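To start, I am sharing the structure in question, which I have written as structure tokens.
The values are calculated or read from the model by the stated rules, or taken from the named source; none is laboratory data. The structure presented is a predicted model; accordingly, all values stated were derived computationally and were not measured. Cβ placement follows ideal geometry from the backbone for every residue including glycine, while neighbour counts extend to all protein chains displayed.
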Amino acid sequence: MNKAASVKARLRNLARKQGRSYQDLLQIYALERTIYRLSLSPHKDKFTLKGGIFLYALFEGRFPRSTTDIDLLAQRISNEKESLEKVFYDIFSVDTDDGMRFDLESMNLRTIADAKQYPGTRITITAYIERTRLSVTVDVGFGDCITPERVQMEFPVLLNDPEPVVFAYSKESVIAEKLEAIASLGFLTSRYKDFYDIFLLSRFFPFNGTTLQAAIGETFRNRGTPMEEIVAFEKQFISDSLHKRRWAAFAKKKNTTFDTSLEEVISQIKSFLIPVLEALQRDEIFASYWEPDDLSWKFRRVGQR
């Protein structure tokens, strides 16, 4: 059996064993091996893993919603199309023995238009495992800040392959960017993944209040978003029938594992983030620690453990 056939057979077995979709595992494998090629390329230091694929890695492959693409922050690199095209041609050309190959002629780049100062770029390419065709999408952003600094992360693998080691976001900046998106989009937001991801992070991870406060403050300043009342935290948004229906559709589409209403999710997010936002507005240091076990902030004096 050749390598590609072996990969498909092992992914089928894994899907049966874990009760997961074989197609989902194929897609995750394609993303994983793309990240592995990035980790071997001379461009590794220019990119930082973020978004849903970072959360997938943070949860060690057990992230409770599906993710289908790769999000990267680019630093010390031009956002010109020609420059990025060469960089990703190099990345997709890295030779590895993992049963996957890329059709380099299929690579396409287009600008992601949004309200940020620096437009992003979406790279799409076709990959194959034997004759099985997969689409890989990489979204590259520019101009954002990371607080605290990025760290190196081992990306979890599905099979017995070498683990990619790449630079990754801080979970504090993930929350800060998602909160900023919620604040800036207001009542019209349809990015329900932002609510869900903040909800999950607050349930599973502890946080240093001063670090989270710094990340939120820096992100809002960098993106030029005022620190005002957040419309999505208000009753009008929470009780809106359209948002409730869209939330239910999001949960079904993304295979979320928590059967939680939009109202419950926002209530927990408010408990998690309102104290931090209030401290920012008062220009006070938020010297507390978030305890995920009881979902509350605890005040701690300097040096206390």
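I need a count of the residues in the range 138-147 that are modelled with pLDDT of 95 or more and either among the acidic types (D, E) or exposed (fewer than 15 other Cβ atoms within 10 Å of the Cβ) (or both).
The total comes to 1.
For the range 228-243, give me each residue that is surrounded by 14 or more Cβ atoms within 10 Å (Cβ to Cβ) and either modelled with pLDDT under 90 or in contact with a Leu (Cβ under 7 Å, 6 or more places away or on another chain) (or both).
Hits for the range 228-243 are I238, H243.
Got at least one residue in the range 201-209 being surrounded by fewer than 19 Cβ atoms within 10 Å (Cβ to Cβ), of a type in the set (S, T, Y) and at pLDDT 95 or above?
no
Right, next: Residue under question is W297, and the condition is that it be touching a strand residue (DSSP E or B) at 6+ places or on another chain (Cβ under 7 Å) and either at pLDDT 95 or above or farther than 19 Å from F207 by Cβ (or both); does it hold? Step through it out loud before you land on a result.
Details: touching a strand residue (DSSP E or B) at 6+ places or on another chain (Cβ under 7 Å): yes; either at pLDDT 95 or above or farther than 19 Å from F207 by Cβ (or both): yes.
Here the answer is yes, as W297 does meet what is asked.
Moving to a separate point now. Which ones in the range 216-239 are under 25 Å from T260 (Cβ atoms) and in contact (Cβ under 8 Å) with a residue 12 or more places away in the chain?
Looking only at the range 216-239, we keep the residues that are under 25 Å from T260 (Cβ atoms), and these are 216, 229-239.
Hits for the range 216-239 are I216, I230, V231, A232, F233, Q236, F237, I238, S239.
Can you tell me how many residues within the range 278-295 are under 17 Å from A176 (Cα atoms) and within 22 Å of the chain's Cα centre (by Cα)?
Count: 1.
Please determine whether any residue of the range 195-207 is in contact with a Pro (Cβ under 7 Å, 6 or more places away or on another chain) and aromatic (F, W, Y). It would help to see each step written out before you state the result.
In the first step, residues of the range 195-207 are kept if they are in contact with a Pro (Cβ under 7 Å, 6 or more places away or on another chain); the result is 200, 202-206.
Subsequent filtering for residues that are aromatic (F, W, Y) retains 204-205.
Looking for residues that are in contact with a Pro (Cβ under 7 Å, 6 or more places away or on another chain) and aromatic (F, W, Y), one finds at least one in the range 195-207, hence yes.
Which of the following residues is charged (D, E, K, R), out of contact with any Asp or Glu (no Cβ under 7 Å at 6 or more places or on another chain), farther than 16 Å from P164 by Cα and in contact (Cβ under 8 Å) with a residue 60 or more places away in the chain: R110, R76, R65?
Details: R110 fails: in contact (Cβ under 8 Å) with a residue 60 or more places away in the chain; R76 fails: in contact (Cβ under 8 Å) with a residue 60 or more places away in the chain.
The unique qualifying residue is R65.
Right, another one. From the residues in the range 57-96 that are assigned to a helix (DSSP H, G or I) and either in the same structural domain as Y192 (by TED's automatic domain parsing) or among the aromatic types (F, W, Y) (or both), which one is surrounded by the fewest Cβ atoms within 10 Å (Cβ to Cβ)? Steps first, answer last, please.
Step one: of the range 57-96, the residues assigned to a helix (DSSP H, G or I) are 57-58, 81-92.
Narrowing the set further to residues that are either in the same structural domain as Y192 (by TED's automatic domain parsing) or among the aromatic types (F, W, Y) (or both) leaves 88-89, 92.
Details: F88: 24, Y89: 14, F92: 22.
Filtering the range 57-96 for residues that are assigned to a helix (DSSP H, G or I) and either in the same structural domain as Y192 (by TED's automatic domain parsing) or among the aromatic types (F, W, Y) (or both), the one surrounded by the fewest Cβ atoms within 10 Å (Cβ to Cβ) comes out as Y89.
Say we look at the range 8-54 and pick out the residues that are hydroxyl-bearing (S, T, Y) and assigned to a helix (DSSP H, G or I); which of these is nearest to F155 (Cα to Cα)?
Checked the range 8-54; the qualifying residue nearest to F155 (Cα to Cα) is Y36.
Another question about this same structure. In the list T219, T210, T260, T225, which residue meets the criterion of being closer than 22 Å to F54 by Cα and either hydroxyl-bearing (S, T, Y) or in contact with a His (Cβ under 9 Å, 6 or more places away or on another chain) (or both)?
Working: T210 fails: closer than 22 Å to F54 by Cα; T260 fails: closer than 22 Å to F54 by Cα; T225 fails: closer than 22 Å to F54 by Cα.
Sole residue among the options that is closer than 22 Å to F54 by Cα and either hydroxyl-bearing (S, T, Y) or in contact with a His (Cβ under 9 Å, 6 or more places away or on another chain) (or both): T219.
Kindly provide the set of residues from the range 192-239 that are among the hydroxyl-bearing types (S, T, Y), more than 11 Å from E180 (Cα to Cα) and assigned to a helix (DSSP H, G or I), ordered by number. Talk me through it step by step, then tell me what you get.
Going through the range 192-239, the residues among the hydroxyl-bearing types (S, T, Y) turn out to be 192, 196, 202, 210-211, 219, 225, 239.
Those left that are additionally more than 11 Å from E180 (Cα to Cα): 192, 196, 202, 210-211, 239.
Matches in the range 192-239: Y192, Y196, S202, T210, T211.
Also, quick follow-up: Would a scan of the range 193-209 turn up a residue that is without any contact (Cβ under 8 Å) to a residue 24 or more places away in the chain and not acidic (D, E)?
At the first step, the residues of the range 193-209 found to be without any contact (Cβ under 8 Å) to a residue 24 or more places away in the chain are 194.
Those left that are additionally not acidic (D, E): none.
No, that holds for no residue.
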